[in-house]
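**Q** Just passing along the structure, written as structure tokens.
The values are calculated or read from the model by the stated rules, or taken from the named source; none is laboratory data. What you see is a predicted model, and the numbers here were worked out from it, not measured in a lab. Cβ sites come from the backbone with ideal geometry, for glycine too, and all protein chains shown count toward neighbours. All accessible areas refer to the heavy atoms of the entire protein, side chains included, with ligands and DNA or RNA removed. Shrake-Rupley method; radii C 1.70, N 1.55, O 1.52, S 1.80 Å.
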Amino acid sequence: MQTLEVVNDSQSNQGKSTNEIHSGTGHSVRQSTDKIRAKVTGDIRFFKYGVILYGTSLARKDLYPYLDVLYREPDHPTSHVKVAIVDGLAGEIIDQKGIGNLLIGEFITKKIRSLEEMCMFPEMTLETLLPPMLDPG
């Protein structure tokens, strides 16, 4: 299962962005993404400074197939996309839609950056995480 926050940042909201939460289930990341694309109008664009959350049960199995497909996707940025493992299901966190006056994605991004600056979290992106996983050593 994959859950995405789709942000509508059109100027018709006087500078205030809104979001929708969509989920899709499939046998692969591409299949679940295709199901989400069928639910939303327009195309899904991945932000350069996005965040990907994985639940602990998935992380304990094997993250490689889920990271690899995103790493190789030409439309998906990798250099600044943060990766985090969360307790429980990642979709449950995203389903909150917002914390205070921040959209959930913006809140998570700021929280991760803050914890990295305080040296409580290592700086992990798709670009820095996947190559060591492929190293046979």
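**Q** In deg cm²/dmol and to the nearest 500, what is the mean residue ellipticity at 222 nm of the chain if only DSSP H runs of at least 4 residues count, each as -39500 (n - 2.57), divided by the residue total?
**A** Roughly -11000 deg cm²/dmol at 222 nm, from the helical runs in the chain.
**Q** Specify which residue in the list Val40, Leu89, Ser28 is farthest towards the positive end of the charge dipole of the chain, using unit charges on the beta carbon of Lys, Arg (+1) and Asp, Glu (-1), about the Cα centre.
**A** Result: Val40.
**Q** Using a 1.4 angstrom probe, figure out how much accessible area the chain has per residue, in square angstrom, rounded to the nearest whole. Don't skip to the answer; put the middle values down first.
**A** Values: 9000 Å² over 137 residues.
The answer is 66 Å² per residue.
**Q** Could I ask something else about it? I need the semi-axes of the equivalent ellipsoid of the chain: take the C-alpha gyration tensor, multiply each eigenvalue by 5, square-root it, list largest first in whole angstrom.
**A** Here the semi-axes work out to 24, 19, 14 Å.
**Q** Which values of log₁₀ I(q)/I(0), to two decimal places, follow from the Debye formula for the range 15-69 at q = 0.18, 0.21, 0.22, 0.27 Å⁻¹ with a uniform point scatterer at every Cα?
**A** The computed values of log10 I(q)/I(0) come out as -0.79, -1.02, -1.10, -1.35.
**Q** Using the beta-carbon distance between Lys35 and Leu134 and R0 = 25 Å, what value does 1/(1 + (r/R0)^6) give for FRET efficiency, to the nearest 0.05?
**A** The computed FRET efficiency comes out at 0.30.
**Q** Which entries in Lys16/Lys97; Lys35/Lys97; Lys61/Lys110; Lys16/Lys111 show an alpha-carbon gap greater than 25 Å?
**A** Going by Cα-Cα distance, Lys61/Lys110 fall outside the 25 Å limit.
**Q** Give the ranking of Lys82, Lys61, Lys111 by solvent-accessible surface, highest area first, calculated with a 1.4 Å probe. Walk me through the numbers before you get to the answer.
**A** Details: Lys82 15, Lys61 165, Lys111 100 Å².
I get Lys61, Lys111, Lys82, largest accessible area first.
**Q** From the phi angles alone, apply the Karplus equation (6.51, -1.76, 1.60; θ = phi - 60°) to the range 100-117 and give each ³J(HN,Hα) in whole Hz, x where the residue is Gly or Pro.
**A** With coefficients 6.51, -1.76 and 1.60, one gets x, 9, 9, 5, 4, x, 5, 4, 4, 4, 5, 5, 4, 4, 5, 5, 5, 4 Hz.
**Q** Between Gly98 and residues 5 or more places away or on another chain, which pairs have amide H atoms under 5 Å apart, with H built 1.01 Å from N, and which residues are they?
**A** HN-HN under 5 Å from Gly98: Ile104.
**Q** Dipole size in debye (nearest 20) for the chain around its Cα centre, Lys and Arg Cβ +1, Asp and Glu Cβ -1? Kindly include the intermediate steps, with their values, before the conclusion.
**A** Numbers: 15 positive and 18 negative charges, 53 e Å.
Charge dipole, the chain, about its Cα centre: 260 debye, nearest 20.
**Q** Run the Debye formula on the Cα coordinates of the range 69-137, all scatterers equal and no solvent, and tell me log10 I(q)/I(0) at q = 0.21, 0.23 1/Å.
**A** -1.08, -1.18
**Q** Taking +1 at the Cβ of each Lys and Arg and -1 at the Cβ of each Asp and Glu, which of Met1, Val51, Tyr71 sits farthest along the dipole of the chain towards its positive end, judged by Cα position relative to the Cα centre?
**A** Met1
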